[in-house]
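All of the numbers you see were taken from the coordinates with simple rules; none came from a lab. Note that the coordinates shown come from a computational prediction; the quantities given were computed from them, not determined experimentally. Note that each Cβ is placed from the backbone with ideal geometry, even for glycine, and that neighbours are counted across all protein chains shown.
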Amino acid sequence: MRKNNINVWRVNYFMEKKYNILLFRSDYIKNNNYTAGYLQLSNALKKLGHKVILFGLNSKTRFEQDLVLLKMPFNKRSIFMIELFLFLPVYCVIKHIDVVIVNNRIVPGTLFLLLLKKLLSIKIITDCRSIPVEENIPWDFSPACKVAEKWYNGATFITEGTKNFIQHKYGLKYKKYAIIPSAVDPSLFSPVLPENGVAKIKEFTKDRITIFYHGSISRNRGVNLIIEAVNQIKNTFPNILFMSVSNANNYINNYCSEKNYNLNDNLYLINPVRYDKMAAYINLADICIIPLPKINWWEISSPLKLMEYLAMEKPIVLSNIKAHRKVVPVNSKFALYFNPNEPNDLGEKITRAITNIEEMKNNSYIERKIILKKYTWDIQAKNLEKFIQTI
């Protein structure tokens, strides 16, 4: 009986304990909108009562209240890892850190901390949000995965597919792990938010059929498919407008030049905007497009922009890949799937969406229900909290 009481006390203690968490990403936190998710997760954990310090990279070292940005010396990662090797244990002692969560690229810098983790009573978790997609997988990706699988307390992955890919490729078996997909803050992404400085753009898009894309652009992200589709249907819908918010819109201009497409009247290219302003731009769209091709790393991903479009209740045309089907049922009345391997299919699906736009808009309220049920940062923070408690 006494043993049972002790076990109950232990469970209750760990369920109620609030942690000092160090969340370390090898990204330039202030420079990229996609890193806003780290800030949102950090804030959601704080709402649960935990103290969270977010680490990232920056051109200059800065120590803020809950954000530490470190400069990489001489832009040399090897030197940076040596610095972390010595710095992290000291910092964790000073700040009384209970949990350290790092992405794969930071693993080498935690090796000294790893030797001391039992002495310091620190839990160390590796977090894999993606597999490198725009270049070859770094040589140290595999060793870092193996170190984390064997010596860390646990691992989190953006999708089950990402975990399975790493396990199969490197012959690993993660015993303790959790799935933490992409998510969104529904208070930042809501269809009822004010215009927030886009009145002039709204006037420009008036009486236009606006299809929308935002985020990174490269040859591996399918944006060329949107350009092809606009060129395909522009005579049928001369008022169609492709709006892109990105820091790589030159790709669109260059692609049009290479193909000799005259789309000057059908393009509206906007430089990146602050993350907390993005919802106002999405709200200008009639249809949002997610054109990711059928490539393995997208099949096992959890696209952030999909969560944002769903939260904004926008009709969506998206590629038929596993990552999308896991979130949006194929027969959804607010979305249409297209085959990225069929040259004219995106244009045909956009045409169908335009033709049935009112029906899609009438059913778009379902999208936000999907988000509120499973894909908010508050939900993911609770999932992460539960996982920490189990290790």
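List of remarks:
- Within the chain, helix-based [θ] at 222 nm, where runs of 4 or more DSSP H residues each add -39,500 (n - 2.57), nearest 500: -12500 deg cm²/dmol
- For the set 18/95; 117/146; 117/386; 123/382; 305/326; 259/305, the pairs lying more than 23 angstrom apart at their alpha carbons are 259/305.
- Gyration tensor over the Cα atoms of the range 233-312: the corresponding equivalent ellipsoid has semi-axes (square roots of 5 times the eigenvalues, largest first) of 23, 18, 14 Å.
- Formal net charge of residues neighbouring residue 187 (Cβ-Cβ distance under 11 Å; K, R +1; D, E -1): -3
- For the range 179-228, the Cβ-based charge dipole about the Cα centre amounts to some 160 debye (Lys, Arg positive; Asp, Glu negative; other atoms uncharged).
- Look at the dipole of the chain built from charges on Cβ: of 100, 281, 227, the Cα furthest out on the positive end belongs to 100.
- According to the calculation over all Cα-Cα pairs in the range 276-391, the P(r) per 10 Å bin from zero is 13, 41, 32, 10, 3, 0 %.
- Degrees, to the nearest 10: 250-259 long Cα axis against longest axis of the chain: 40 degrees
- Values of log10 I(q)/I(0), in the order q = 0.12, 0.13, 0.16 Å⁻¹, for the range 128-186 under a Debye, Cα-only, solvent-free model: -0.29, -0.34, -0.51
- Convex hull (Cα only) mean projected area of the range 177-329, reported in nm² to one decimal: 9.9 nm²
- Placing unit charges on the Cβ atoms of the charged side chains and taking the dipole of the range 45-146 about its Cα centre, the candidate lying farthest along the positive direction among 58, 79, 68 is 68.
- Reducing the range 214-251 and the range 159-209 to their Cα centroids gives an inter-centroid distance of 20 Å.
- Cβ crowding within 10 Å averaged over residues, with 194-201, 171-178 ranked highest first: 171-178, 194-201
- Debye, to nearest 20: dipole size of the chain, +1 on Lys, Arg Cβ, -1 on Asp, Glu Cβ: 1760 debye
- The range 256-313 versus the range 99-133: alpha-carbon centroid distance in Å: 33 Å
- Gap separating the Cα centres of the range 44-79 and the range 337-391, nearest whole Å: 31 Å
- Extension reserve of the residue 61-residue 373 stretch, reckoned as 0.36 nm per residue once the Cα distance is removed: 108.5 nm
- Over all orientations, the range 195-254 has a Cα convex hull whose mean projected area works out to 4.7 square nanometres.
- Taking every alpha-carbon pair under 8 Å whose residues sit at least 6 apart, the chain reaches a relative contact order of 15 percent.
- Kirkwood radius, the range 89-215, all distinct C-alpha pairs, inverse of mean reciprocal distance: 17.9 Å.
- Charged neighbours of residue 340, selected by a Cβ distance under 15 Å, balance to +1 (K, R count +1; D, E count -1).
- Taking the convex hull of the alpha carbon positions in the chain and averaging its projected area over all directions gives 21.8 nm².
- Under a Gaussian network description of the chain, with springs only between Cα atoms under 10 Å, the residue in 129, 77, 325 that fluctuates furthest is 77.
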